[in-house]
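Undergrad: Dropping the structure in here first, questions after.
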Amino acid sequence: MVAPQTGAATIGAINIRGVKKTFTHQDGSIIEALSNVDLSVAAGEFITLIGPSGCGKSTLLRAIAGLHPVDAGELTLDGEPITGPAAERGLVFQDPLLFPWLNIHDNVAFGLKARHLYREHKAEVGQFLKLVGLETFGKSYPHQLSGGMQQRAALARALVNQPSVLLLDEPLGALDAFTRMNMQDEIIRIWQERKTTMIMVTHDVDEAVYLADRVVVMCPRPARIEEIISVKRERPRARSHPDFLQLRGKLLKILDFGGQEREPEYRI
Amino acid sequence: MPHRLSGLLLFPLLVGVWAFVAEILPPQSRYLFPAPLAVARALWESLGVLWQGTVASMMILIPGYILAVLAAVLFGIPVGATTWARHFFAPLMRVAAPVPPTVYVPYAIALLPTFRASAIFVVFIGAFWPVFLGAVSGAATVPERHRDNARVLGFGRWEYWRRVAFHAALPAIFNGMGVGMAMAFILLTVAELFGANVGLGHFVQYYADFADYPRMVAGIIYTGAVTFSAMTLLAQLQKRMLFWNI
């Protein structure tokens, strides 16, 4: 097993100050994808980003990944400015995006090989496969695995680089409801073991509340952070706890899906 | 019987039609249209010469084809994966690729010192363009998220070409290699019709000049069998390397 990190996380703090990003459409119209975003993420914190499409949550995540430069403001990881993609900021997409021509083991080993670290870190590939419960599937090819298993492999592939931050772009969006809840618990277990800072984009309110230390609610036009809600609950959490329903209601209200509130009617 | 084997039934059927047509023709036309049995006899008698011809032809085809595939892949992957290079070479590809490479044959024979060198050159040209176009389009159409993913995992340019773009382009490269193989055979036989004194194309040309049509037809059928074997071999290689592409 990969040695669990002990004590509180010391690396993986992200600071976002006054970040702006605009895209220019082909017809010349300008879309404001992020307008003046500030956010501080503590080392080892679990953040979920939620909001309707067009609110800039994926843009913000990709900016942290360094995949596209921002127009203004600054992003830092542990005080160092983010200028481009790097292995210290792992990214997992909604689509597992495994390379179909490589088996699961080689897919996970991919980042290490690219950075010429495979030789010294060979054993870790197996350890991370075990961490995500795929230790017996190393020789299988992606098309032989279910969607959930492929996504576990994608997690292992990002984790093997020992990132200080793991960025998750709706990683469970394509999974069925039960696999999804299972994977949420899996992600929490990995997070508790690795103490990696997690920033996850989701548009599932339950998922956002269940996983996060803090839920960041974003809104479109202009794309901005509307509110940040702390979820001060011990883990493991219960999905049907009354506090949960209350937080869920609060989130839905901010997102304008609150509906008509009534007194509870117990007529079961 | 599986569907893929049912196609083999076509061959005895075609031979039957051929035998029938040869039978009903007037006797004076028979020497122009030899019957299957006469061709089979000619084929049997010529097997030694045809084998020598095969060896000579392969000494041209194999180096020309392999060089073409190597050059096309080594050059095509970076060009396809780089936007400016793709635009830079697009006009050349549009002009040069559709030129039937057979037009180069007489000039290549005049230009290069030996027949073998010129024949290898035209085979190279014929096989290069289809594989090159396959590699370029394959490397250009790698899903953007695969590219992002490679960047996030810490890949440099060269690593990306070698470990991602090449593999992602392989299906397109193999399509190009199939077309390129057919082109290579066409150019090989055309070049041999022009200037060889040995080889499969030369065999056909030689007996056509002597009006020995059973041998000429035997040469054509034999060449067809060689082409078929080469294509089957390529298809096997493709199946083996692209097992993941389903």
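Undergrad: Quick check on my filter: what residues within the stretch A:103-130 are touching a Phe, Trp or Tyr at 6+ places or on another chain (Cβ under 7 Å) and in a loop (DSSP other than H, G, I, E, B)?
TA: The answer is A:103, and nothing else.
Per-residue answers, yes or no, for (1) under 20 Å from residue B:181 (Cα atoms); (2) out of contact with any Pro (no Cβ under 8 Å at 6 or more places or on another chain):
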{"position": "B:85", "(1), (2)": "no, no"}
{"position": "B:94", "(1), (2)": "no, yes"}
{"position": "B:120", "(1), (2)": "yes, no"}
{"position": "B:126", "(1), (2)": "yes, no"}
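Undergrad: Quickly run through the stretch B:195-246 and pick out the residues that are in contact with an Asp or Glu (Cβ under 6 Å, 6 or more places away or on another chain) and in a loop (DSSP other than H, G, I, E, B).
TA: B:199 - this is the single residue of the stretch B:195-246 that is in contact with an Asp or Glu (Cβ under 6 Å, 6 or more places away or on another chain) and in a loop (DSSP other than H, G, I, E, B).
Undergrad: Across the stretch B:127-167, which residue is farthest from the other protein chains (Cβ to nearest Cβ) among those that are surrounded by fewer than 24 Cβ atoms within 10 Å (Cβ to Cβ) and assigned to a loop (DSSP other than H, G, I, E, B)?
TA: Applying the filter and picking the extreme gives B:141.
Undergrad: Answer with yes or no whether residue A:28 is touching a residue at least 24 places away in the same chain (Cβ under 8 Å), small (Gly, Ala, Ser) and either outside any helix (DSSP H, G or I) or in contact with a helix residue (DSSP H, G or I) (Cβ under 7 Å, 6 or more places away or on another chain) (or both).
TA: Here the answer is no, as residue A:28 does not meet what is asked.
Undergrad: Taking the stretch A:42-68, which residues are closer than 30 Å to residue A:234 by Cβ and in a loop (DSSP other than H, G, I, E, B)? Quick ask: steps written out before the conclusion?
TA: First pass over the stretch A:42-68, keeping only residues closer than 30 Å to residue A:234 by Cβ: A:42-51, A:55, A:57, A:60-61, A:64.
Within the stretch A:42-68, A:42, A:43, A:44, A:45, A:51, A:55 qualify.
Undergrad: Take the stretch A:77-86 and flag every residue that is out of contact with any helix residue (DSSP H, G or I) (no Cβ under 6 Å at 6 or more places or on another chain) and within 7 Å of another protein chain (Cβ to nearest Cβ).
TA: Passing the criteria: only A:86.
Undergrad: For residues in the stretch B:218-246 being within 14 Å of chain A (Cβ to nearest Cβ) and polar (S, T, N, Q), which is surrounded by the fewest Cβ atoms within 10 Å (Cβ to Cβ)?
TA: My answer is B:245.
Undergrad: Which members of the stretch B:129-185 meet the condition of being touching a strand residue (DSSP E or B) at 6+ places or on another chain (Cβ under 9 Å) and polar (S, T, N, Q)?
TA: B:149
Undergrad: Mind checking whether some residue in the stretch A:11-22 is under 22 Å from residue A:156 (Cα atoms), free of Cβ contacts under 8 Å to residues at least 40 places away in the same chain and crowded, with 17+ Cβ neighbours inside 10 Å?
TA: Within the stretch A:11-22, not a single residue is under 22 Å from residue A:156 (Cα atoms), free of Cβ contacts under 8 Å to residues at least 40 places away in the same chain and crowded, with 17+ Cβ neighbours inside 10 Å.
Undergrad: Taking only pairs six or more apart or across chains, which ones have beta-carbon atoms under 6 Å, a first residue in the stretch A:175-191 that is farther than 16 Å from residue A:45 by Cα, and a second residue that is crowded, with 18+ Cβ neighbours inside 10 Å and modelled with pLDDT under 90?
TA: Final answer for the pair search is A:175/A:148; A:179/A:148; A:180/A:172; A:183/A:172.
Undergrad: Those residues that are within 9 Å of chain B (Cβ to nearest Cβ) and of a type in the set (Val, Ile, Thr), I need them from the stretch A:100-114; list them, please.
TA: Result: no residue meets the conditions.
Undergrad: Within the stretch A:215-268, restricting attention to residues that are aromatic (Phe, Trp, Tyr) and surrounded by fewer than 17 Cβ atoms within 10 Å (Cβ to Cβ), which residue is modelled with the highest pLDDT? Steps first, answer last, please.
TA: So the first thing to find is which residues in the stretch A:215-268 are aromatic (Phe, Trp, Tyr), and the list is A:244, A:257, A:266.
The next check asks that each one be surrounded by fewer than 17 Cβ atoms within 10 Å (Cβ to Cβ); those that pass are A:257, A:266.
Values: A:257: 81, A:266: 72.
Per the stated criteria, the residue is A:257.
Undergrad: Continuing with the same structure: Being closer than 24 Å to residue B:216 by Cβ and part of a loop (DSSP other than H, G, I, E, B) is true for just one of B:34, B:106. Which residue is that?
TA: B:34
Undergrad: I need a count of the residues in the stretch A:87-96 that are facing chain B (nearest Cβ under 8 Å) and touching a strand residue (DSSP E or B) at 6+ places or on another chain (Cβ under 6 Å).
TA: So the answer is 4.
Yes/no matrix, rows are residues, columns are (1) away from every other protein chain (no Cβ under 11 Å); (2) in contact (Cβ under 8 Å) with a residue 24 or more places away in the chain:
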position	(1), (2)
A:98	no, yes
A:116	no, no
A:123	yes, no
A:153	yes, yes
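Undergrad: Of the residues that make up the stretch A:131-138, is at least one assigned to a loop (DSSP other than H, G, I, E, B) and in contact (Cβ under 8 Å) with a residue 40 or more places away in the chain?
TA: For the stretch A:131-138, residues assigned to a loop (DSSP other than H, G, I, E, B) and in contact (Cβ under 8 Å) with a residue 40 or more places away in the chain: present.
Undergrad: If you check B:81, B:42, B:35, which single one turns out to be more than 24 Å from the chain's Cα centre (by Cα), in contact (Cβ under 8 Å) with a residue 24 or more places away in the chain, within 22 Å of residue B:221 (Cα to Cα) and surrounded by 13 or more Cβ atoms within 10 Å (Cβ to Cβ)?
TA: Exactly one residue qualifies, and that residue is B:42.
The values are calculated or read from the model by the stated rules, or taken from the named source; none is laboratory data. Here the structure is a predicted model, which is why all the values come from computation and not from measurement. Cβ sites come from the backbone with ideal geometry, for glycine too, and all protein chains shown count toward neighbours.
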